[in-house]
Amino acid sequence: MKLISFTLLFLTSTLLPLISTAQKLVKPGAVWYDDKGEVINAHGGGLLYVNKTYYWFGEKRGLSASEGVNVYSSKDLYTWKNEGLALAKSTDPASEIATNGLMERPKVIYNPKTKQYVMWFHLELPGQGYKAARAGVAVSKNVTGPYQYVKSFRPNGHMSRDMTLFVDDDGSAYHIYSARENYDLRLVKLTDDYLSATTQDTLLFSNHREAPAIFRKDNQYYLITSGCTGWAPNQASLHVATSPFGPWKLVGDPMQGPMADKTFDGQSTYIQPVQGKRNAFIFMADRWNPKDLKDSRYLWLPITFENNQPVVKWVDQWELARLGK
Ligand code: DGJ
């Protein structure tokens, strides 16, 4: 009896806190498991915060195949539950989203007027490699889907590859995208229903950049991008503006630490504000494994500010509690 209660005491006082401490750390580059012990498969992703829950949308990948868009949910940003495929590939070979095409960098926003969740992604048509360069749109009444594919197009005729979405404080939404064989980075304002591009479509800069990730702090907008070297990592750069339409000023490389000049062996995908905290932002990147894309790692790092400019410093592990003020 004594032995049992001693064992129980030992377990609860020593081991359980260790387990929960282990769960409450973000470890950039480590294998990240969901709550069932499966490796999270959500690459090139983005987050959306709804009803006190974060949703992580990302590319479901096989060895190289693009298998649709996965969605995971979490209350605390550490522990993720697999909610399944938000947007599935079509089994109809004539469909624009048939199995052998590509769906990359999915991002989801909520439209309060239509009460719909709207997903945009980089769509490549089946069997054409990266030639089509189109923006794809899908919608759902439920955040986790299933999303219904609506259409694809080139915004105002421009090629559209790597992309992100951004909703500003006034509800205006923007699609930021690599155009003209990735030499141009452009921004287009979305229509009120968030389903289409307006003609308010601006060239931000022509520096041959992709993987855009944007956030706003006070009245400044910050945009981190990568260079264009396929799946291989390269140097990130930071631009700053006082309006999404620009002008965007090049600041330099915001990464600091080992392999900072290669974005820590990663590539930007999204920047998430942490709810309920001021000036707390998470920089999200992918460490791609082109030999087995599903096995690519996630790099989530805190953004700090030095002289009012964002800096992303490498840390082996960190707690959300240290973010913001
Ligand atoms: C770089 C892009 O950022 C990725 O999303 C992907 O399209 C790869 N290129 C493909 O080489």
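The values are calculated or read from the model by the stated rules, or taken from the named source; none is laboratory data. Predicted model, so just to flag it, every value in this text is computed and none were measured. Heads up, the Cβs are rebuilt from the backbone with ideal geometry, glycines too, and the neighbour counts pull from every protein chain shown. The area values use the complete protein model at the heavy-atom level, side chains included, leaving out ligands, DNA and RNA. Shrake-Rupley method; radii C 1.70, N 1.55, O 1.52, S 1.80 Å.
Points to keep in mind about this one:
- For the range 203-220, the candidate set comprises residues that are assigned to a loop (DSSP other than H, G, I, E, B) and within 15 Å of Val240 (Cβ to Cβ); within that set, the residue that is nearest to the ligand (Cβ to nearest atom) is Arg209.
- Within the range 243-296, the residues that satisfy the criterion of being at negative phi, in contact with a His (Cβ under 9 Å, 6 or more places away or on another chain) and either among the small types (Gly, Ala, Ser) or buried (at least 16 other Cβ atoms within 10 Å of the Cβ) (or both) are Trp248, Thr269, Asp286, Trp288, Leu293, Lys294, Ser296.
- Residue-level analysis places Phe215 outside the set of residues that are among the hydrophobic types (A, V, I, L, M, F, W, C), in contact (Cβ under 8 Å) with a residue 40 or more places away in the chain and farther than 21 Å from Tyr117 by Cβ.
- Scanning the range 246-254 for any residue that is farther than 29 Å from Gly171 by Cα, away from the ligand (no atom under 15 Å from the Cβ) and touching a residue at least 60 places away in the same chain (Cβ under 8 Å) turns up nothing.
- Members of the range 155-168 found to be charged (D, E, K, R) and either within 16 Å of the ligand (Cβ to nearest atom) or in a helix (DSSP H, G or I) (or both), listed by number: Arg161, Asp162
- Here Ala241 clears all of (1) free of Cβ contacts under 8 Å to residues at least 60 places away in the same chain; (2) farther than 24 Å from Phe305 by Cβ; (3) hydrophobic (A, V, I, L, M, F, W, C) except the condition numbered (2).
- Across the range 273-322, the qualifying residues are those that are within 16 Å of the ligand (Cβ to nearest atom) and under 20 Å from Asp168 (Cα atoms), and the one among them that is farthest from the chain's Cα centre (by Cα) is Phe283.
- Elements of type strands (runs of 3 or more DSSP E) contained in the range 81-138, each with 1 or more residues being of a type in the set (D, E, K, R) and within 14 Å of the ligand (Cβ to nearest atom): 102-111, 116-124
- Number of the condition not met by Asp162 [criteria: (1) surrounded by 19 or more Cβ atoms within 10 Å (Cβ to Cβ); (2) more than 21 Å from Gln272 (Cβ to Cβ); (3) of a type in the set (Asp, Glu)]: (2)
- Any hit, the range 250-259, residues being modelled with pLDDT of 95 or more, among the charged types (D, E, K, R) and not in a strand (DSSP E or B): yes
- Some residue of the range 17-24 being at pLDDT below 95, open to solvent by 10 Å² or more (accessible area, probe 1.4 Å) and in contact with an Asp or Glu (Cβ under 7 Å, 6 or more places away or on another chain): yes
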